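A short worksheet on the structure shown next.
The values are calculated or read from the model by the stated rules, or taken from the named source; none is laboratory data. Note that this is a predicted model, so its numbers are computed, not measured. As a convention, Cβ positions derive from the backbone with ideal geometry for all residues, glycine included, and neighbour counts pool all protein chains shown. Each accessible area value is taken on the protein alone, full model and side chains, heavy atoms only, with ligands, DNA and RNA left out. Shrake-Rupley method; radii C 1.70, N 1.55, O 1.52, S 1.80 Å.
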Amino acid sequence: MARLSVKPGQRFTVQDWHTNSQLISSDAQQQRSASHRVRQEARALRNETTSQAKWDEHDNQTRLDERISSTNRWKETLDRCLADIDAEIDALTKVKEAAELALQAKNLPLDVSIECLTLRESRRAIDVVRDPVEEELHKEVKLIDRAKRELQQRVSEAFQELCLLQGARQQLSHDQRCKMEALEIDGLCLSLNVNSPNISFKVNPTRVPEGSTTLAEWEQHSQCNKEHAEAEMKASSQLREATVLAIAQTNNELEAQRVATEFALRKRMRDLERAYDELKWQEQNTLEEVAELEEDIRCLEEDLRRRTEDLKVAQMRLETRTSRPNKELCRDQVQYGLTDEVQQLRRTICALSQKLQQSQDALDALSRQLHRIRTDSGYKANSLMLDKKCMDIRQKLRVPAQGFVPEADAFNGSTNHLLSTLQKGQLELA
């Protein structure tokens with residue numbers, strides 16, 4: 001007799017079955033709603049974070065650009081200050097050398113006076129008297145000794161001031177080098193982007209490096225260096241004027257200085273002529289280098305334009321090949337080759353751009369140097385003209401040594417005119 005097969009286990013009612021189906025549908029709907037909410041939140045988050053990232057990058061790009069401009073302004077200020085302090089060191093060195101020459105030139109009149117006194121000691125009997133000549137010779141010796149002490153003091157002060165100027169210049173030079181290095185680093189940071197090579201994560205990049213300073217301390221440091229250099233240059237300028245005045249005053253008091261002064265003037269004129277010829281030679285060579293560099297810049301610009309066109313072609317090929325249908329859209333050797341070509345062209349364009357910028361910077365530097373050469377050449381020509389005028393003025397002081405009788409008024413007038421010429425020349429050089 002046949003038996004009914006009954007599946008063992010728990011039996012559910014129809015209501016349970018419907019309830020289970022409704023529960024599954026309800027859970028599915030809730031999960032879809034939750035998924036939709038997550039998707040919307042994710043899209044909003046993506047849009048928000050993308051916008052925030054772009055604005056942050058833009059703000060930091062702007063800050064970097066402003067920082068570079070600020071650092072560059074200080075660098076230019078330090079460059080001008082360095083040029084001024086170099087000119088001041090050179091001017092003070094020349095004045096110091098002139099004081100040393102004047103001091104050395106005092107040995108001749110001193111030897112002459114002592115020799116005269118020694119010869120007059122050979123007098124005999126009643127002629128051994130303390131007459132006005134002997135008194136004037138003693139006065140001359142004392143006057144020469146006082147002039148030598150004053151000039152020696154000026155030389156010592158000039159030497160000490162040169163040491164101070166050199167110290168100030170070292171501080172300026174160190175500050176300038178630091179700013180140049182900072183400009184290179186900030187310029188590199190400004191050029192970085194997501195496509196830049198060799199970018200990677202760094203360990204604890206937000207740390208505050210040791211030795212960090214505030215912006216106010218940074219600016220105060222450069223300001224202090226500049227003010228210190230300006231103060232030393234002002235002191236040096238005053239010392240130069242005082243030294244020139246002392247030289248002129250001793251020349252006014254001691255007629256015997258005339259020969260040594262003319263010797264110094266001739267030597268200075270020879271130095272100026274050699275320096276002027278050297279500057280003209282440097283100017284010609286610099287002009288030739290400028291012409292060659294300008295031609296190289298034109299070639300670099302042309303190569304950069306060609307490589308840019310090549311990059312456009314390679315990118316167009318890559319983009320066009322993305323339209324290949326179905327299985328034809330494969331990464332074949334052409335795809336790899338075009339990708340490598342694009343990357344290589346980008347590197348080439350970057351290298352050419354950097355080299356073009358370096359060439360343009362070099363051209364700017366050459367232009368500044370050419371301007372400096374021409375300016376210095378003008379200074380040399382002006383100084384040479386002033387020295388020639390000094391020589392012409394001093395022609396009236398030429399008298400035979402055996403018949404020389406100093407006239408106080410004529411000598412004072414000539415020396416005062418020489419003093420005014422020297423002071424005018426120093427002001428023009430300053």
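Worth pointing out:
- Most to least packed among 147-158, 354-365, 198-209 [average Cβ atoms within 10 Å]: 147-158, 354-365, 198-209
- Using a probe radius of 1.4 angstrom, the carbon and sulfur fraction of the accessible surface of the stretch 163-249 is 57%.
- With all protein chains modelled, accessible area of I297 [1.4 Å, Å²]: 10
- Which of H228, V208, Q238, positive extreme of dipole for the stretch 202-242 (C-beta unit charges): V208
- Around A53: net Lys/Arg minus Asp/Glu count, Cβ-Cβ under 12 Å: -2
- Taking every protein chain into account, the 1.4 Å probe leaves L164 with about 90 Å² of accessible area, to the nearest ten.
- Under the convention that each Lys and Arg Cβ holds +1 and each Asp and Glu Cβ holds -1, the size of the dipole of the stretch 9-80 around its Cα centre is about 140 debye.
- When the C-alpha to C-alpha distance is required to be over 23 Å, the pairs from K202/K355; K54/K355; K75/K234; K75/K226; K280/K355; K75/K280 that qualify are K202/K355; K54/K355; K280/K355; K75/K280.
- Taking every protein chain into account, the accessible area of the stretch 43-87 amounts to 71 square angstrom per residue (probe 1.4 Å).
- Distance between modelled label sites at E100 and S191, nm, 7 Å Cα→Cβ extension: 4.7
- The HN-Hα couplings worked out from phi for the stretch 357-364 by the Karplus form 6.51 cos²θ - 1.76 cosθ + 1.60 (θ = phi - 60°) are 5, 4, 5, 5, 4, 5, 5, 4 Hz, whole numbers, x standing for Gly and Pro.
- Look at where the Cα atoms of the stretch 12-81 and of the stretch 171-207 average out, and the two centres are 29 Å apart.
- At the residue level, H36 shows approximately 90 square angstrom of accessible surface with a 1.4 angstrom probe and all protein chains present.
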